[in-house]
Amino acid sequence: MKFLRLIAVNLLRAKRRTTLTVFSIAVALFLFCTLRTVLTSFDAAVRASDAARLVVRHSASLVFPLPLSYRDRLAQVQGVTGVSWANWFGGIYQDPKNQFAQFAIDAPSYLDLYPELLVPEDQKRTFLSERTACLAGRGLVQKYGWKIGQQVPIQGTIYPGEWRFTLRGIYEGKTADVDENTLYFHWKYLNESLPPVRQSQVGIYILRLASPDLATPVSRTVDAMFENNVQPTRTETEKAFQLSFIAMMGNIQLLMSLLGSAIVFAIVLVTLNTMMMAARERIPEIAVLKTLGFSDRLILTLVAGEALLVSLLGGAIGTGIAAIVFRKADFTLGGFIPNFRVLPETVGLGLLLAAVMGILSGIVPAIQAARLEIAGALRKVV
Amino acid sequence: MAIPVAYNLRNLWARKASTTLTALGIALVAWVFIFTLALAGGFEAALRTTGSPDNAIVIRRGGTAELTSILTREEANVIVAQPEVARGSDGAPLASPELVVVININRKTGTPTNVVVRGVSPKALALRPDARIVRGRMFRPGLDEIVVGSLIAERFQSADLGDRLRFSGRTWTVTGILEAKGSSYDSEIWGDAELLMQVFDRPVYQSVTMRLDDRAAFGALRKRLESDPRLSAQVKREDVFYSEQSGTLAALIRTLGLFLAVVMALGAVFGALNTMYAAVASRTKEIGTLLALGFSRGAILASFLFESVVLASFGGLIGCALALPVNGITTGTMNFNNFSEIAFRFQVTPGMLAAGVLFAALMGVVGGFFPARKAATRPIIEALREA
């Protein structure tokens, strides 16, 4: 540790170079955090899902509704302790660019099945008692500056017309993974407003199980029960349901990893180059240190330590900026990723990556320095 | 007088390791730049090439995509009967009221994905000159037969010619492969509209597509249909309708890609600055000599800047070479408008490659300017005196 000062002095000698290197590493780590956060944010809904909840949808695809009459039959299945349902509304708030999810829900049962949606008791009571009331996540309310009691007009696309909801409650997620950018309103209101042919249709049913172990048998029972109906069902765990959305996004995961590796690799090359230049310039100095009795091992540590320090500094700046910027800025990627948040794991992984980059770029010049022959190198000094 | 180009090239050659590392760094930046452009371009092309300006498409007013639209049979009859609609050789209107639904089937990898099933009328192919059956034959109305887009056949389980695909409680025989020049029809399954309506228990259409007698008649048709009290319709040119669908996602990919490339370029410029500063520092004596020989400061600035741009452009060219194999790779993503997968091919165009090299050269200019200026403004005596 007493040599930390020596490393620091060495770094400060070429201030401009050190600064440029630190910044290029910071840039790489910033991008790494951004790309990884795209992936982890996609997964947020998967992490927030509960193993004791099942989702029932039409077997053909989510686009087809199920009849409301399934509710009672689902409730009677052994192991099911709660049934709720929701319809995707898909409306537009003011401008098509304002993308956020809206669901028509059977509110009392839904809030019972989703205890992770935290609503203040008085707001919950008003929301439940008012037909045209809606409940919005904290993120949405902040983004659009909504106030409790105000009207929220939504233009329907699947359900035509302009729908006006009164904001009666604001929910928060129990954990950070719970999406806080959704608007919920009463399915009953939606249903009563529709023409008779479109009434009593349900998008998905959600079942609560007595225990997560019952997921497989209950899914089988439910799907067998409706197999020969006009609307057959497909039942899966909430997690599998959410995962299927990510699968539908296609190869995004692969693309992001590919881009991420290219970025990291590019910066390793650039840093390696800088470290090699720095070491080359100091050949005479290193020779002097060796003459003074510094061992090969110590020289190796000093040169590699320098690279490591620069990398870690850059890494800390890059991940730090990412964590702060994405928390402050309302960055939802055009509404595609509502929960864009840098996870602590990402920061940790970023720093680890910075350390690896530092060691990789420092190891070649460090070995060269350690192997330096004193006599030959000293000759250059004169 | 300018300093000979050979001087710069030899200098780059003399510092092989450093030149290679810097060029590779810049190459990767150019690669990311071209890659994301090719991704956005391919996605956009798939939707842009869908549809013709000679066709009009009608969906319900307020709907943003076919999937969320509903047109009753009565509405479809009114629309098809308009005088602007062209007629085929048999005298029937060249129009196809269509049913559009989404089903969940398995990719070859086993993951289930949403795919568009389009129930079409007999005139559907006549309306779309770009779409044709390349293998097999069209389905026969009333039978459990379908034709599938070429990208569906390529990417999904039991979806090739002659295969039997199961959905919605029936087994369908794939009788033909549809190809539509990379448009979104390549990612669709087509069947008989009447039969599919029964099977899906959905007695309504989603859209009507029709050929116009005269391209210019669109305005009149649109005005009449949109003000017809029997209908709740919006009318668009088919090509406009599809390119509007690509808007949000293509813009998103492009923005994200540009953001990545620009930020990454910033990192690479820092690296280039380092390399060029080192190059200048190690050649102080040479610079002094050049000045003493009578080369102007401008010539020295230009020379070092040139060296940096050559280095960066070289990187850009490597980036292009790395990006070329990406061309034509098929990938798929969710088309949020239709809530289904659309497959498309990466499209690396000469324009993108040129943009990549230009982008790299720009990095060279930025990364080379300050070191070059430093080189050019050295006092002669001081420069010559240095070790």
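The values are calculated or read from the model by the stated rules, or taken from the named source; none is laboratory data. Worth saying up front: this structure is predicted, and the values here are computed from it rather than measured. Reconstructed Cβ throughout: ideal geometry from the backbone, glycine too, with neighbour counts over all protein chains shown. The area values use the complete protein model at the heavy-atom level, side chains included, leaving out ligands, DNA and RNA. Shrake-Rupley method; radii C 1.70, N 1.55, O 1.52, S 1.80 Å.
Observations on the structure shown:
- Any hit, the stretch B:1-20, residues being part of a helix (DSSP H, G or I), closer than 30 Å to residue A:161 by Cβ, away from chain A (no Cβ under 12 Å) and among the aliphatic types (A, V, I, L, M): no
- Among the residues of the stretch B:63-100, the ones that are free of Cβ contacts under 8 Å to residues at least 40 places away in the same chain and under 16 Å from residue B:234 (Cβ atoms) come to 1 in all.
- Evaluation of residue A:299 against (1) open to solvent by 10 Å² or more (accessible area, probe 1.4 Å); (2) at pLDDT 85 or above (one fails), failing number: (1)
- Residue count for the stretch B:211-243, restricted to those that are farther than 22 Å from residue B:120 by Cα and open to solvent by 40 Å² or more (accessible area, probe 1.4 Å): 12.
- Taking the stretch A:17-122 and the helices (runs of 4 or more DSSP H) fully enclosed by it, the elements with 1 or more residues that are modelled with pLDDT of 90 or more are at A:70-75, A:107-113.
- Being touching an Asp or Glu at 6+ places or on another chain (Cβ under 9 Å) and in contact (Cβ under 8 Å) with a residue 12 or more places away in the chain is not true of residue A:147.
- In the stretch B:219-261, the residues that are over 28 Å from residue B:340 (Cβ atoms) and of a type outside the set (S, T, N, Q): B:219, B:220, B:221, B:223, B:224, B:228, B:229, B:230, B:261
- Annotation: of all residues in the stretch A:163-187 being open to solvent by 60 Å² or more (accessible area, probe 1.4 Å) and under 20 Å from residue A:92 (Cα atoms), the one that is farthest from the chain's Cα centre (by Cα) is A:164.
- Taken residue by residue, the stretch B:159-168 has at least one member that is outside the structural domain of residue B:345 (by TED's automatic domain parsing), closer than 30 Å to residue A:227 by Cα, free of Cβ contacts under 8 Å to residues at least 40 places away in the same chain and among the hydrophobic types (A, V, I, L, M, F, W, C).
- One residue from A:211, A:244, A:193 being more than 22 Å from residue A:136 (Cα to Cα) and away from chain B (no Cβ under 14 Å): A:211
- Against the test of being surrounded by 21 or more Cβ atoms within 10 Å (Cβ to Cβ), under 26 Å from the mean Cα position of the chain (by Cα) and part of a strand (DSSP E or B), the options B:208, B:174, B:148 yield a single qualifying residue, B:148.
- Condition check for residue B:166 on (1) under 28 Å from the mean Cα position of the chain (by Cα); (2) over 26 Å from residue B:52 (Cβ atoms); (3) within 14 Å of another protein chain (Cβ to nearest Cβ): one failure, at (1).
Condition check ((1) within 14 Å of chain B (Cβ to nearest Cβ); (2) surrounded by 21 or more Cβ atoms within 10 Å (Cβ to Cβ); (3) touching a residue at least 12 places away in the same chain (Cβ under 8 Å)) across all residues:
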| site | (1), (2), (3) |
| --- | --- |
| A:31 | yes, yes, yes |
| A:41 | yes, yes, yes |
| A:45 | no, no, yes |
| A:58 | yes, yes, yes |
| A:72 | no, no, no |
| A:75 | no, no, no |
| A:84 | no, yes, yes |
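- The residue list A:223, A:177 contains one member that is modelled with pLDDT under 90 and among the charged types (D, E, K, R), which is A:177.
- Selection status of residue A:254, within 7 Å of chain B (Cβ to nearest Cβ) and out of contact with any Cys (no Cβ under 6 Å at 6 or more places or on another chain): no
- Once the stretch B:330-362 is narrowed to residues that are under 23 Å from residue A:245 (Cα atoms) and open to solvent by 20 Å² or more (accessible area, probe 1.4 Å), the residue that is farthest from the other protein chains (Cβ to nearest Cβ) is B:345.
- When A:234, A:280 are screened for being within 13 Å of chain B (Cβ to nearest Cβ) and in a strand (DSSP E or B), only A:234 passes.
- All positions within the stretch B:182-203 that are buried (at least 22 other Cβ atoms within 10 Å of the Cβ) and of a type in the set (Asp, Glu): B:186, B:188, B:192
- Filter result (surrounded by 24 or more Cβ atoms within 10 Å (Cβ to Cβ) and not in a loop (DSSP other than H, G, I, E, B)) within the stretch B:41-65: B:42, B:43, B:46, B:47, B:55, B:56, B:58, B:59
- Test for residue B:132: is it modelled with pLDDT under 95 and open to solvent by 50 Å² or more (accessible area, probe 1.4 Å): yes
- Of the residues making up the stretch A:125-162, those that are open to solvent by 40 Å² or more (accessible area, probe 1.4 Å), in a strand (DSSP E or B) and modelled with pLDDT of 95 or more number 1.
- The residues listed here are B:258, B:249, B:266, B:290; of these, the one that is open to solvent by 50 Å² or more (accessible area, probe 1.4 Å), more than 8 Å from chain A (Cβ to nearest Cβ) and assigned to a helix (DSSP H, G or I) is B:258.
- The residues of the stretch B:211-261 that are charged (D, E, K, R), in the same structural domain as residue B:128 (by TED's automatic domain parsing) and more than 26 Å from residue A:160 (Cβ to Cβ), listed by number, are B:211, B:213, B:214, B:215.
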